[in-house]
Structure formats: C-alpha cells, structure tokens
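Undergrad: This is the structure I have questions about; it appears just below.
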Amino acid sequence: MSDYPRAEFFALRPVGGISLAMVGLGAAGIVVSSAVVLFNLVTEGHSVFGTSNDIPWGLPIATYVFFVLTSTGLTFVASLAMVFGFKPFYPITKRCIWLAVVTLIAGFSVLAFEIGHPFRMIWAFPTGLQARSPMFWMGLFYSLYLVLLLLKFLTVHLGDWDSPVSRGLGVASFVTVVLAHGNLGALFGMMAMRPFWYDGLTAVYFLVTAALSGVAFAVLFTYLSNGVSRQQMPENLRSLMTNIMPGLFAAVLGVTIVFMGARIMNGLWSNLEGLETFYLLLSSPWFHLEIWVGLVLPFFILLSPKLRGRRGMLLLPAALVILALFIGRYEYVIGGQLVPLFRGIAQSGFAQYTPSFTEWMLVVLGVAITSFLYGAGEWLLRLADTPAKGHGALQAAE
Amino acid sequence: MGKIDLMTSRRRFLQATAVTGAAAAVGTVVSETVRPTPSEALAQVAKPETKITKNTCHQCPARCGIDVYVTDGKVHAMYGDLDHPISNGKLCPKGYMGAYILYDPDRFPGPMKRTNPNKGRNEDPKFVPITWDEALDTIAGRLNALREKGEPHRFALVYGRGWGASDAGLMRPFGALYGSPNVGLGHSSICSDGSKKAKKALDGNEDYNAYDYGNTNYMLNFGASFLEAFRPLNYNLQVWGHIRTKSPKTMVTVVDVRLTTTGAAADRNLIVRPGTDGALALAIAHVILTEGLWEKKFVGDFIDGVNRFKTGETIYPASFTERWTLGLIEWWNAEVKDRTPEWASTITTVPVQDIVKVAREFGTTRPAMAIFERGPTTHTNGVYNGMAIHSLNALVGSMYAEGGLMNQMSAPYGSLPVEVDAYLDDIAKAEAEKKMPRFDKVGSKDWPMAKAMIQEMPLHQLKGDPYKLDTIMFYMTNPIFSALDVKAWEEALKTLFVIDTSPFPGETAMFADIVVPDHTYLERWQDAPTYPFQGWPLTNLRVPAVEPIHDTKAFGDTLIEIGKRIKGPMGEYYEKLEGVENVIRHLAKGFETNPGDNGVNGFESWAEKGVWYKKPYLWRQVGGEFFEWDGMGYNKPMAAEDVQKNCFKTPSGKFELKSSYLEAKAEFISEKLGVAADRVGFPQWIEPKYTGGGDLHFVTPKTVMHAEGRSANLPQAVALYQAVAGGRNRTYLEIHPATARKRGIKDGDKVKITSDRGSIEALARYISTSHPEIVVLPFGFGHWAHGRWAKGRMSGNANEIIPNVSDPIAGLAAFNTVKVKVERA
Amino acid sequence: MTRWGMVIDLEKCTGCQACSTACAMENSLLPGENWQDVVFYVEGEYPSGSLHWLPRPCMQCENPSCVAVCPVEATYKTEDGVVLIDWDRCIGCRYCMIACPYGVRFYVEQVQLTQPDTRKVFASGDDDKVWAPPYQMPEAQWNPNRGVGAAPKNVVSKCTFCYHRISQAPKGTVDLDPSDPETRDFTPACVVACPPTARYFGDLDNPASQVSKLIADKHGMRLLDQLGNRPQVYYLAGKASGIPGTRKERQQAV
Ligand SMILES: Nc1nc2c(c(=O)[nH]1)N[C@H]1C(S)=C(S)[C@@H](COP(=O)(O)OP(=O)(O)OC[C@H]3O[C@@H](n4cnc5c(=O)[nH]c(N)nc54)[C@H](O)[C@@H]3O)O[C@H]1N2
Ligand SMILES: Nc1nc2c(c(=O)[nH]1)N[C@H]1C(S)=C(S)[C@@H](COP(=O)(O)OP(=O)(O)OC[C@H]3O[C@@H](n4cnc5c(=O)[nH]c(N)nc54)[C@H](O)[C@@H]3O)O[C@H]1N2
Ligand code: SF4
Ligand code: SF4
Ligand code: SF4
Ligand code: SF4
Ligand code: SF4
Ligand SMILES: [Mo]
C-alpha cells in the first residue's frame, strides 16, 4: 500500500455543476421521497402499495432488481481491469466501484422499504439458514458483496490498486457478485409454476443484462462527470471511451438483443399457459419503446462509426439503454405474475397492477440515493483516480 | 338476556386439555418441528370458558339450527347444530357470518328519532338517540290518537320474514285489539305466493311442499335454485351430496333461464325463455300421456287398458277411470292434446329432442319429482306455469309417495295465557263491524285471490285509495328496496309517519321517523317453526347467546310494550301477556304432552336443544293407496275422507286437474287473463305479458352468498360474492358476448339497463353460457343505504326498473317478466 | 407418524363456498384473505356451456415450494405434515407467495378488495396486530408461531389446516369426522362446514384411513401434479373427467 502516494481521504474537488446538482437534487429527493414513503407506511401500512395477492411483487422489486443488477454490471466493468487485467479500463474502474456501491445501496434501500419486516432480516436470516432458498443466498452474497465492495473501494481509495489484498478483494467481490446475481437469477428462474420466468438460463440472462446496465451506467456517469463531452476527458479515458467502450457496449447490447429476441420468440411461439404475457407485452407501447428505442436504436448508433463519433453520441445510447433496462426489469418482474395462477371467472384475463404513488416514490428514492451518493463521491472521493496517476484530484487540477 | 340462564355450556377441546394440565396437553399434541416459544406456553395457561348456545340462523328462512360459540363474552364462531334435523351439523355459506351481523359496526346503538323533516335518498335523517320510553310513548301516543279519532285502520304494521308465534304471531291479535285490519300485512306477494297458489288450485294446500329428496331418483327442477336459494338451502346442499352419490344416482334436470350452479352440477340444464315453463311442462305431460308413462296406480287408466292419448285427438271421458286425479281427460281434451314437444320448442327455445328425452326419463324413473318456486311463477302467467309443473307430480304418482312430495305439519304449541276476545273494547269492535278494506286491497275485487299485495301499497297511499295511512311500522321487510315501484315507496313514505324496527340502517330506516331497533337474532328469544321441510313437525327456539350489545329490544317486546301503552283493555291484555319470554313459555307447554323425538318436553329442554321435532310424517301413498302411520309403519289404510282431510284438501278430495278453486273465480280470471271461463280450471299455457318495453329478458335471481336484506353489509360476504360465478366485491350484469358486442359493450364495461320505468347502471360481464336474449343481474346489491359496505357496489337496484305488474291470481309480482334495453353507459 | 391430508370430492361439491366462509369465521380472516377459495370457470357457449368450480385450500404440499424459498425459515413443515408460518419470524418478503403454485398465500397488508378497510374499522389497539374484530378467534387459541389467530402486521398468512383444531386430536387419530361428536371439534372448519360432505380429513400415512381409501377407490388426483409439490389435498373428480384447469380462457385473456 505504501508504495503509492497517499492522498487526503476526502479531497474536495472542484466539481462541475452537474455533480453539485446531483448532490443537491439527490439530497432533496431522498428527503422528500423517504418522508412520503415513511409517512404513508406508518399511517397506512404496506397497503399503500399497489400490490395484491396476484401481484405480490411490484415496482419496488423491479427497482431493486434494476439497481442490484446494475451494481453487478458495474463490478463486471470494474473487474475488467482489476480482475482480468484489461488495463485500458483503469480510468473508469474506481468510478465503477463507487457506482456499484452506490447502486447497491440504492437497491437495498428500496428493498428495505418494500419488505414487511426489514429489521427482522438481521436476525432471521442468520438464524434461519434456509439453504434451499435462493433469496437466502442472494441476501447472503449481496451483503457480503457490499462489504467486499466497500473494502475494495477503500483500498483503491487509499491508493492500493494491485497489492495481493487489493487484488484478492477484487476477485472476491467479482466472485461474490456472480454468485449473488446467480441466486437472483435462480430466485426467478427456478419458479416452475411461473413459466414466464422458469428458465435455467435466467442467471445467464441476468449476467448479460447486468453487464449491459453496468456498461451503460459507466458510460453515462463518466460522461456526466466530464462535462458531457469527450473533449474534456483525459487522454487515456478519451481513448477508452472512443476506441474500446463503443465496441464493448455494442457487443453486450448485441448479445442482450439476441437474448431478448430469443426469449420473446420462445414465449410467443409456445402455447404453455402462463406465457401469454408475451402477447400482452406486444400490445404495450412501453415494450416497443424498450425494444426499438431503448435497445435496437442504440445498437445501430453504436454500430455506425459516423454516429458514434459525434459529440455526446455515446451518452444517448447509454441513457436509452438504461431506460430500456428499467422498463425491462419492470416487465420481467411484473410479467411473471400477470397470468393468475388460477384464472376463474372472477379473475379472467390478466391480473391488474398499477404502481401506487408510494411505489413511484421508492423509485425516486433509488434514483435520488444514486444521484446523491454518486455526486458526493465525485465531489469528495477522487473517482477518476487510476493506479498510474496516483490521485485524480491532482490530475483534474492540471 | 332472559331471566334464566339456560345456556348449555359445553367445554370445547380447549378445556379438555386444560383439565389434564399443560404437560398432558403437550402429550396430546402431535409432536412437530415447531420451536417452543413463550406465546405457546402462554396459550396453555389461559383457558377461557366457551359456551355454546342454541339459536336459529337468520339469514334466510330455512330455519337451520346453530351452535353459537361464545368465549370471553364474545361470539366468535357458529356451526350447524349436529343434532338439528335440518342442519345436521352443517350450514350454508351465509350461516357462518352471524357474528359479523351481531357486531356490524353500522347497527343502530339504540332507539332513534329523526330530526330532519325532509325525506329522500340524499337526505340525512339526522337521527338523534332517544330513550325507549320516549320512543314507545311517541308511538303509543300516535296510536291512541288514531283510535280516538276512530281511525285505527290508518295504522299498518307490515312484515316480511316473520319467524313464529313470538313475533309475526303477535300481529293479528294486536290488529284485532287495536282495530286495524292492517296489522300484519305480509310480503309474500313479492316472495313466492305463486307456487302456493298453484298448489292450492290443484291439491288444496296453499303452502310450499315438503319433499323427500333423499329417496327420489329423478328431480325435474323448474327454476328452483336448489344449490343457491331454494328452501331449505342448507339441507338441499347436504342432500345433494347424498343423491348424487347414492345408488342409483338421482338424475337431475334443471330448467332455468340461465346456467346456475344447480344447472351446472345437474345432469342437464335446459335454458328456457322466461315465463314459458308452463309450455315445457305441458309438453312433458303430453309425452308422458301419449307414451303411456303415467303412474296408473295413482292416476288410473283407460277402462280397456288401451292408451288413447294420441296427439290432437279428443277422448271420451268415460273411457278412463281416474283414481286420485280429477279431470284428466277433460284436461287432455282442452289443453294437453295439442301441447306437443314441437309446439313447446318454439315457445321455450328448448330443442324438441331434449323435451322428449326429459319427458321419457321423468316418466319412467320412479320416484320422481317436479319442483319449482319463484322462477316459473314470478310472471304474469305464474300460477298456470306452476300448475302445469305441479300436475307432473300427479302424473308420475309422487304425491305423498316415498321420494315424492308432502305437506308440512305444524308444531303442537300451547295456547297463550290471554284470550283476545275478552279484551276487545268498543273501538275495536266498531272497527271490526265496519269491515274496513285492507290497505293492500287483498280480498277486494282487484285482488280477490291474493294473500298479500305489498307491492301495491305505495300506490294506494299516493292515491288515497282505499284510504291514506297515517302511521306505518315495518318489521323485517324493506320494500322500498326489495319490492317494486320503489320510487313510489319513497314518495309514499314521505307522507307517512314511519317506524322501523330494523337493527340496521336500511333504506326503510332512512325514511323512518322513529327507529326502535330489534335485537339481532343472537341476542333474542324467538320461536321459529320450520318452513316446509320433510313434513313432520319441527320448531326451533332462538336463545340469546350474549347480552344485547346495544340498547335494543326484541321486536315482540316492542310490540307488547306499545300494546301496554294503548288505553283501555288492550293495555291490560298486554300487561297479562308480559313479554316474549312468557309467550314462548306458554308455547312450550304444548310439548309437555307431546314430547319431541329429542326429548324436548318444555321450555327448558327446548332452550337446551334449540329444537323440538317429531318424526315421522303421518301419511303416505303407496301404489295408489293411502296409509297412515300407526306407530310402527304406514299400515293403517286411509279412507277417502281421511285423504281429503290430511292430503288433498280440495272439494273433491282429489288432485284436481280441473281446479274447482279457480273455477269458483272464473269470471275474475277470465277478465284478467283472457282465459275462457270454462277453461280456467285447467293447468294451461297462457302467454306471459312481457313488460318493460325492451328487447332483452332481464332476470334478477338470488345467489348463495347473499340473503335478502341481511348480508349486504358484511365485508367478508361481499368479498366472497360470486354472482353465478365471478364477481368478488360486486355483481355483474351477465350478458352473452355476442349480445354485448352487438351493442358495443366490452367485458367489464359500465352499462345502462333501461326499461319503461327508468334506468340503472351495472358492470357487464361476458358469460358465454348465457342465453343471447337473456341478461342476468343478481338481486341484492344496489343498496343506497344499509351500511358502509352495502352501499356503492357499482350496481343499481334492479327493482327500480322492473314494472310493478303482478299475476292476478296469486298477486305475485312478475319480477322476471320484464324486458330491458342494455347499452354502454 | 400422522400425515394429515384432505380429500375433496368434486362430484359432491356444490360450489356453495360454505368452506370459505367457515374458514374466514374460524380463523378471523380479513375480507379477501381467502385461505379457502372456490374458483369458478365458465366454458363453452350457450346452449352447451358449462360451469365448473374448484374449492382450493392450501395443498399442504409434501414438497412445499413455499418452504423451500422462504429465506428465513418462517414457513416450515410440521412432522404431522402441515405447512405453517411462524409470524414471529416472517419478514414479509412475499417470496412464498411467488413460489406457491396454488396462489393460497396472502399478505395481510394489501389494499382491501372490499372497502372501507376493515383493518381501520376494527382497528387494533395493539400496534402489532392488523385488526381486532370483536368476533376474532379467542386469544387462548392464538399461536403466532403457527400462523394461528389474529394476524400481526406485515406478514403472510395461509390455511393452517386449522392447526389449532387438528393438533388437539388425540394421538393416533386416523379420521377426523365432523359427524362424530368425538372428533368434530378437532376437524378443520371447512370440513365441518361442507354441507354435502364433499370434504374428508384424515391420516394419509394410514392406509386404513378414510382419506386413503377414497384416494385409492375413487382415483384421488392432485392439482398441478406436474409441478412436483405433491399436495396433501386430493381431489375426486367423479364423472367429471378431471380437475378443472387452472388457467383457462386463454382467448379471453389475449
Ligand atoms: N341464498 C339465498 N337463499 C334464499 C334467499 C335469499 O335471499 N338468498 N331467500 C329465500 C326466499 S325468501 C325465497 S322466496 C327462496 C326463493 O328461492 P328460489 O325461488 O329458488 O329463488 P330465486 O332466485 O328467486 O329464483 C330461482 C330461479 O328462477 C330462475 N328464473 C327466472 N325466471 C325463470 C323462468 O321463467 N323459468 C325458470 N325455469 N326459471 C326462471 C332464476 O334464474 C333463478 O335461478 O329462497 C330462499 N333462500
Ligand atoms: N329483483 C328481485 N327482487 C326480489 C327478489 C328477487 O329474487 N329479485 N326476492 C324477493 C323475495 S323472495 C323476498 S322474500 C323479498 C325480501 O325482501 P324484504 O321483505 O324486504 O326482506 P329483506 O330484504 O330481508 O329485508 C329485511 C329488512 O329487515 C331488516 N332486518 C334485518 N335483520 C333484522 C332483525 O333482526 N330484526 C328486524 N326487525 N329487522 C331486521 C333489514 O334491515 C331489512 O330492512 O325480496 C323480493 N325481491
Ligand atoms: S340455509 Fe343458510 S342462510 Fe338459510 S338458515 Fe340455513 S344456514 Fe342460514
Ligand atoms: S399450496 Fe402453496 S402454500 Fe400451501 S404448502 Fe403448497 S406451496 Fe406452500
Ligand atoms: S413472506 Fe414470510 S413466510 Fe413468506 S417467504 Fe418471506 S419470510 Fe417466508
Ligand atoms: S383447513 Fe382450516 S384453515 Fe385450511 S381452508 Fe380449511 S378451514 Fe381454512
Ligand atoms: S363447502 Fe363443500 S360443497 Fe361447498 S364449495 Fe366448499 S367443498 Fe364445495
Ligand atoms: Mo322470498
């Protein structure tokens, strides 16, 4: 560790308006949304959610899945340099680790408000040890992962990028998050009674889409922190964002599209009861927004050398993909529950679900936490550090 | 609660374990993986006493005996009484919700006085609590004033679900003493007077039948919703499990205007056009006769044994010797000979081959029974439909046979301690002299044959014909919601001083000037003799399970208390009568000499068991011979006079296929229904006169989870409500998808249902099994009062748009004869 | 070892829902919290349409997916074969609701189908209880560790096979017959209630029990057997060729 120059722990960095705005808006968002949610939960209880016995899991769970898979993906991106040795990714590695922490905290926070007895988890998980439950393992691994991520960030923050401890932490967090997300995949994929989810490859599907959201977040936030343009980026970062990122982004996006396409074709073709949700999806404008605008359009932008060279043209696909992934998580989580298990006359057609205001407030909370913590990190924690350069606060000042 | 505490106290299993102590209790619990916890240990300590009290379910008229469980002073459960012959330990779904009724948070906490003089749906009555003394004095004051003015007839007491001698039974004496012919006007003309009248015409018994379901092998059911409403529903549900799994299995054919659960569970469901059952039944009779399937031992036969029943051919009456029927050949000649399946098919929409098949099955399976109730009779031609159906029971010889039909015997009650005649004062006598017409005009030239005419009362009030009432009191009826011309009821009640006795803030109560709330059934003493069940006599006793939770009074006591406040000998009569409990004690004296099969021989044992009954039914027809029970068996042959006295109570002592009862009123029937005077006596086809002016038949049946005005405010019931199927939380207008699409109506759309009486709204539900020309809106929702859960269920009250037209013979309102228009709202 | 099981004879079942209301009463259920529900299906067209129904309690699976997924082991299987919820452990994550193929689990904190909300009308003074209607189960019978009694807030509930009743049956009881005064009080409420006696209850592990015999003689079938949950509730379909489907009316849906 001591091989590296030590920097102050918190380095107040002159930051752009964007980061400040993120901190300010984020803080406001956290205060307002958590106040609203808390008030409603205390006065009304969880029935302020739009969930029902047909749709026990609603928008907050989709939001949770969105954030934790994003965190997963960000760890993948960070691991490219730290675990797999793709050095060109160093310029965004620390940022990604921080973002992984931030999004994971956002996800967990949303979940904490969603669950009936969040505090019980603390003692009930360890004393229950229900080894057959993917949720148990998911909880275990994601908690472990959070600890490892924080440690990893700390070591990096302290300037230790590749001591054995630091490397070990990187590998460990990578492995844990693969396990965690694998269990999240299993959590849905093992549900044989819900054909929309039932799929041995769910973990792989989650892997791919997690990677995609990791890449999209990495791109989006790197841009946001560099004044939206590549011009202001340091050379190594610009080179990464110009030469490598578009290709990687396109590749992951391409694989995602293939995966999604296969899933949809499969779903539309099959007669299995419970899969008619795919037909319902076809009739939803959100689905088309997701597929065509959120995935296919960015793919073509990324494939076109002319387009992706333009100013900000990596930013647009990143933003669109994030939107698409959010819609996708919603469709995925809700979609699995839309065909009622028993469809009598009282419940013909699909189950109905409309997220309530409080549930939307939890989305706001997740976004606000991400925004606040990321902005604060950008401000205080030298997120642009790379191993070569020591610490980014100095670098930015150059 | 009553002065004595007789409640059976049975220790539940809880106490059983308590006695043996916690350690032993653990031993009896099957071992399990549960982690022992403090709360479990706690559970072992506190062992409250659970008391079981006998009562009678109140949600429908079926008279199911119940065990009411009370722990810590709270009613928390009820189950069917295992020793009650109707319940047999079971209840229908409504029965379990009694505690919710008792603890309905919208109940009146005590007597109330209206302070808002304006009445209307949107007028808050602004009730203020008053004392019982004030309430009773106010009522008695009005009643005394009317008497003093010589107008006691301007007081009416209207009731619906009367239970027995200790409530409805108190009304006639009250009327006589007070001097009004309008005390105790019933609601049977919106209920089911049609089937009673059809039976009166044919077999002389103006009553519903008792049935031996358990032994029948064929049930031909015309619109009696056997598994949803038909009385006694709980027993029907029980016996269904038996008849459908016994050997031989009882075949069931259902004739209805829609697919009911009964129809679905049956072997066959035939959907007819509303009001056309008579045509179908006549065609079945036609097939039975032409194919020689009638029960010859009961009906008789051609002298030479050759079947001369040939379609369209008249028969010489003397060629046939009848046994227990009267007028078969005349009936054939006048009616049945032309009533072919082909003819009936065009009227009913039932395919010819189905009619023939059913007729052959029914004609060849013994014992068989044809049952019906409101379905075929809530039409302008109701009594004739009913007669056509009931005559099938004669053709197959099921009257008084095993597996057939009987009549209900009554319980041997003791007499009341005071004689009415001794307490009639001059006013009462003068009124009796005057022979004031009844306010519902029953017995007048308009309704000479009806038993009640509740649905006409608001029109009478508004027109002042026969006169205007001054004060009206309601007991267990809410015609402003459940009868017809409900808008006229609203107007009429504005002109009246209204007393409601309901514990609940129903529609009537919203128009009341004073409310004297009854105890709920779990808080009161009340006798309740059975509705027709299996013939042998049975009568229940309601025993309070808990002290009244509000400042309420049993209706019977309210009436008695009012009586005590009437000046003159009437007040003395009621002082002597004391109260309901005293009345019941005197009723129970009848059991002293006539103990029931369960040993009940007086008040105490009656209260302990909750029921007195005595099997068997005394009369039985076997192969065309009638026998009386002699203590061992049906061994004592009956003479024709005995049969007439106990069974066929017609002038001829026969099952009259040419009804002398109707012929006696030939002129009236002829005038009202256009039937030639010489034909009025025959079961026959006359067309229903569809009302409403629409193009779709509109049917408003009952459903299993809902009972009259008594379950609309139970959130649990509402949540479980399934119309025919589907629903939950609301009812739907059930409509065939093609019919709906033609009108641009999507599944779930709000629709407007319109007749020439107005419009209501409801939500549409595609039901592909519906007849395309028939829409169904289950009765019961559409309340605009009656408590917070009853209101606002997104369905209008069907009775707002059903024209007030009745079958002239029985006076039964033709609820199901209406046609409506349906469009998107 | 006793392994409790239920048999429901669909040939006898009248679709009356007495089982549902008796269960609601016995177990102090919220409106819409239908531990025992009857699901109705309409099929076909006038004049040949048909109507079917299926009474559906918790299947008390031999291989319960709800137990498998519960991350805190709040849902567990007893040795006598009943799946219960420990309300003192349940974290209200609702994964079990997702994983139960039969849709028989309920979160006590949902928008109530029937408004006004009874949880408000019969609000509980006790902060931990969802509600306290006057007619609730006597406190002495409550057992939160078995999901019996007035439910606390934020947990999931489900049919307990009336564990507070059946667990009191003398050891070795084979049939719980509601028409026998000796066993009536130990018999589940819905079985006691069922008017046509379409429901039977007893020990599946005892080959001489009534339920075992019925399953053998009348071809007991299990719902959605392909999922492998191995329900301990069996259906007798009688002349109906099978248990009504569960997700019918696809056309209507799409
Ligand atoms: N669940 C429940 N049970 C009850 C009651 C209740 O309110 N709820 N009320 C009790 C009372 S007071 C009564 S009077 C009885 C009444 O018992 P029912 O007479 O059995 O009941 P309804 O529902 O009035 O009518 C029965 C059937 O007639 C059908 N119908 C309508 N028109 C026709 C027709 O033209 N032909 C034929 N064949 N069928 C037709 C309807 O579709 C309905 O299925 O029920 C008693 N039991
Ligand atoms: N469209 C349509 N209309 C129908 C029918 C139908 O099938 N379709 N059915 C008809 C039939 S068969 C009948 S019998 C009538 C029934 O109609 P009603 O004769 O009006 O009887 P309920 O609706 O039961 O009304 C009972 C009244 O008694 C009150 N009440 C409830 N419990 C108690 C109590 O314990 N004590 C007292 N004192 N009052 C109490 C209630 O608040 C309510 O006001 O409706 C008829 N109307
Ligand atoms: S049939 Fe049902 S509602 Fe009617 S009295 Fe019996 S249990 Fe009560
Ligand atoms: S039916 Fe559902 S809740 Fe019941 S044991 Fe099976 S999986 Fe669990
Ligand atoms: S909701 Fe409760 S019982 Fe269900 S899985 Fe979660 S912790 Fe277990
Ligand atoms: S066994 Fe008990 S808890 Fe389960 S459905 Fe039946 S009544 Fe309800
Ligand atoms: S109580 Fe019995 S007959 Fe009625 S729906 Fe339930 S299982 Fe069927
Ligand atoms: Mo009635």
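The values are calculated or read from the model by the stated rules, or taken from the named source; none is laboratory data. Every value quoted in this text rests on a predicted model; they were computed, and no experiment measured them. Cβ placement follows ideal geometry from the backbone for every residue including glycine, while neighbour counts extend to all protein chains displayed. In case anyone asks, the SASA skips ligands and DNA or RNA and just uses the protein heavy atoms, side chains included. Shrake-Rupley method; radii C 1.70, N 1.55, O 1.52, S 1.80 Å.
Undergrad: Could you please state, rounded to a whole Å, how far the C-alpha centre of the range B:372-440 is from the C-alpha centre of the range C:140-178?
TA: 49 Å
Undergrad: Report the accessible surface area buried between chains C and B, summing both sides, using a 1.4 Å probe on protein heavy atoms only, in Å² rounded to the nearest 100.
TA: Separately minus together, C and B give about 6700 Å² buried.
Undergrad: Report, in degrees rounded to the nearest 10, the 0 to 90 angle that the Cα long axis of helix A:357-380 makes with the longest principal axis of chain A.
TA: 10 degrees
Undergrad: Rounded if a/c is under 1.5, else prolate if a/b beats b/c, else oblate: with a ≥ b ≥ c from the C-alpha gyration tensor eigenvalues square-rooted, which is chain B? Walk me through the numbers on the way to the answer.
TA: Values: a/c = 1.36, a/b = 1.25, b/c = 1.08.
Taking the square roots of the gyration eigenvalues as a ≥ b ≥ c, chain B is rounded.
Undergrad: Partner chain Cβ atoms within 10 Å, averaged over the residues of B:81-89 - can you pull that number for me?
TA: That average works out to 2.
Undergrad: What list of ³J(HN,Hα) values in whole Hz, one per residue of the range B:552-561 in order, does the Karplus curve 6.51 cos²θ - 1.76 cosθ + 1.60 (θ = phi - 60°) give from phi, with Gly and Pro shown as x?
TA: Calculated HN-Hα couplings, in order: 10, 9, 4, 3, x, 5, 4, 5, 5, 5 Hz.
Undergrad: Across chain C, where is the longest run that never hits GluC sites (Glu not before Pro) in a DSSP loop with at most 16 other C-beta atoms within 10 Å?
TA: Longest site-free region, per DSSP loop and neighbour criteria: C:80-254.
Undergrad: Ok, one more. Any idea what angle helix B:352-364 forms with the longest principal axis of chain B, computed on alpha-carbon atoms, 0 to 90 degrees, nearest 10?
TA: With rounding to tens, the tilt is 80 degrees.
Undergrad: May I pose another question? On a 0 to 90 degree scale, rounded to 10, what angle separates helix B:193-203 from the longest Cα axis of chain B?
TA: Taking Cα atoms only, the helix is inclined about 50 degrees.
Undergrad: Here's a follow-up. With the Cα gyration tensor of the protein assembly as shown in hand, convert its eigenvalues to equivalent ellipsoid semi-axes via √(5λ) and list them largest first in whole Å.
TA: Semi-axis lengths for the protein assembly as shown are 69, 34, 31 Å.
Undergrad: Something else: How many angstrom lie between the C-alpha centres of the range B:212-274 and the range A:358-379?
TA: 63 Å
Undergrad: What percentage of the solvent-accessible surface of the range C:32-71, computed with a 1.4 Å probe over protein heavy atoms, is contributed by carbon and sulfur atoms? The partial results should precede the final answer.
TA: Values: 500 of 990 Å².
Heavy-atom surface of the range C:32-71 belonging to carbon and sulfur, 1.4 Å probe: 50 percent.
Undergrad: Partner chain Cβ atoms within 10 Å, averaged over the residues of A:105-117 - can you pull that number for me?
TA: 3
Undergrad: Quick one: net charge around B:THR131, please, counting Lys, Arg +1 and Asp, Glu -1 for every other residue with C-beta under 12 Å from its C-beta.
TA: Within the 12 Å Cβ shell, the charges total -2.
Undergrad: For an R0 of 56 angstrom, estimate the FRET efficiency from the Cβ-Cβ distance between C:ASP127 and B:LYS589 and round to the nearest 0.05. Intermediate results must be reported in sequence, preceding the final value.
TA: On the way: r = 56 Å, r/R0 = 0.99.
Here the calculated transfer efficiency is 0.50.
Undergrad: Please tell me the relative contact order of chain B in percent, rounded to the nearest whole number, where contacts are Cα pairs under 8 Å and at least six residues apart.
TA: So the answer I get is 18 percent.
Undergrad: Tell me the total accessible area that A and B bury against each other, 1.4 angstrom probe, in square angstrom rounded to 100.
TA: On the way: alone 17460 and 29190 Å², together 46310 Å².
Counting both chains, the buried surface is close to 300 Å².
Undergrad: Could you list, bin by bin from short to long, the percent of Cα-Cα pairs of chain A in 20 Å steps?
TA: Reading upward from the zero bin: 27, 58, 14, 0.
Undergrad: Compute for chains C and A the buried accessible surface, both sides summed, probe 1.4 Å, and express it in Å² to the nearest 100.
TA: What C and A bury together is about 4400 Å².
Undergrad: Of all accessible surface on the range A:164-216 at a 1.4 Å probe, what whole percent is carbon and sulfur?
TA: That fraction is 78 percent.
Undergrad: Enter the accessible area per residue of the range A:220-277 (Å², integer; probe 1.4 Å; all protein chains in place).
TA: 44 Å²
Undergrad: What number, rounded to the nearest 500 deg cm²/dmol, is the helix-based mean residue ellipticity at 222 nm of the protein assembly as shown, given -39500 (n - 2.57) per DSSP H run of at least four residues and division by all its residues?
TA: -11000 deg cm²/dmol
Undergrad: Tell me, what % of the accessible area of the range A:239-324 is carbon and sulfur with a 1.4 angstrom probe?
TA: C and S atoms contribute 74 percent here.
Undergrad: Residue by residue through the range B:266-274, which ³J(HN,Hα) values in whole Hz follow from phi under the Karplus form 6.51 cos²θ - 1.76 cosθ + 1.60 (θ = phi - 60°), with glycine and proline marked x?
TA: Per-residue couplings from phi come out as 6, 6, 8, 10, 9, 9, 10, 5, x Hz.
Undergrad: What are the ³J(HN,Hα) couplings of the range A:33-46, residue after residue, when phi is run through the Karplus curve with 6.51, -1.76, 1.60 and θ = phi - 60°? Round to Hz, x for glycine and proline.
TA: 5, 5, 5, 4, 5, 4, 4, 5, 5, 6, 7, 10, x, 5
Undergrad: What does the convex hull of the alpha-carbon atoms of the range B:166-306 project to on average, in nm²?
TA: Working: hull surface 49.8 nm².
Over every viewing direction, the Cα hull of the range B:166-306 projects on average to 12.4 nm².
Undergrad: Okay, moving on. Going through the range B:342-404, which GluC sites (Glu not before Pro) have at most 11 other Cβ atoms within 10 Å and a DSSP loop state?
TA: Counting only loop positions with at most 11 other Cβ atoms within 10 Å, none of the GluC sites (Glu not before Pro) in the range B:342-404 qualifies.
Undergrad: Considering only C-alpha atoms, what is the centroid distance from the range B:129-182 to the range B:718-788, in Å?
TA: 40 Å
Undergrad: With a probe of 1.4 Å, find how much accessible area the range C:24-168 has per residue, and write the answer as a whole number in Å².
TA: 22 Å²
Undergrad: What does the charge count near B:ILE347 come to, summing +1 for each Lys or Arg and -1 for each Asp or Glu among other residues with Cβ under 13 Å from its Cβ? Display every interim value, and only then the final one.
TA: Details: positive: B:ARG273, B:ARG339; negative: B:ASP277, B:ASP338, B:GLU342, B:GLU687.
Once positives and negatives cancel, what remains is -2.
Undergrad: Restricting to the protein assembly as shown, compute how many DSSP beta bridges are antiparallel as a %, nearest 5. Let's see the in-between values first.
TA: Values: 74 of 119 bridges.
Of all bridge pairs located within the protein assembly as shown, approximately 60 percent are antiparallel.
Undergrad: Test of understanding: express the Cα radius of gyration of the range C:11-160 as a ratio to 2.2 N^0.38 Å, with N the residue count.
TA: Details: Rg = 16.6 Å, N = 150, 2.2 N^0.38 = 14.8 Å.
Against the compact-globule rule of thumb, the ratio is 1.12.
Undergrad: May I pose another question? Could you give the accessible area per residue of chain B, probe 1.4 Å, as a whole number in Å²? All intermediate terms of the calculation are to be shown ahead of the outcome.
TA: Values: 25740 Å² over 825 residues.
Each residue of chain B exposes 31 Å² on average to a 1.4 Å probe.
Undergrad: Cysteines without a disulfide-compatible partner in chain B, using Cβ under 4.7 Å as the rule?
TA: B:CYS60, B:CYS92, B:CYS191, B:CYS647
Undergrad: I've got another one for you. Please report the equivalent ellipsoid semi-axes of the range C:141-240, computed as sqrt(5 x eigenvalue) of the Cα gyration tensor, largest first, in whole Å.
TA: Details: eigenvalues 121, 72, 33 Å².
Equivalent-ellipsoid dimensions as semi-axes: 25, 19, 13 Å.
Undergrad: Probe 1.4 Å, all protein chains in place: accessible area of B:LEU587 in Å², nearest 10?
TA: Solvent-accessible area, nearest 10 Å²: 10 Å².
Undergrad: List the trypsin sites (Lys or Arg not before Pro) within the range B:374-450 that fall in a DSSP loop (any state other than H, G, I, E or B) and whose Cβ has at most 13 other Cβ atoms within 10 Å. All intermediate terms of the calculation are to be shown ahead of the outcome.
TA: On the way: sites: B:ARG374, B:LYS429, B:LYS434, B:LYS435, B:ARG438, B:LYS441, B:LYS445; in loops: B:LYS435, B:ARG438, B:LYS441, B:LYS445.
Answer by residue number: B:LYS435, B:LYS445.
Undergrad: Now for a different question. Find the Cα radius of gyration of the range B:87-231, compare it with 2.2 N^0.38 Å by division, and give the number to two decimals.
TA: In units of the 2.2 N^0.38 Å rule of thumb, it is 1.46.
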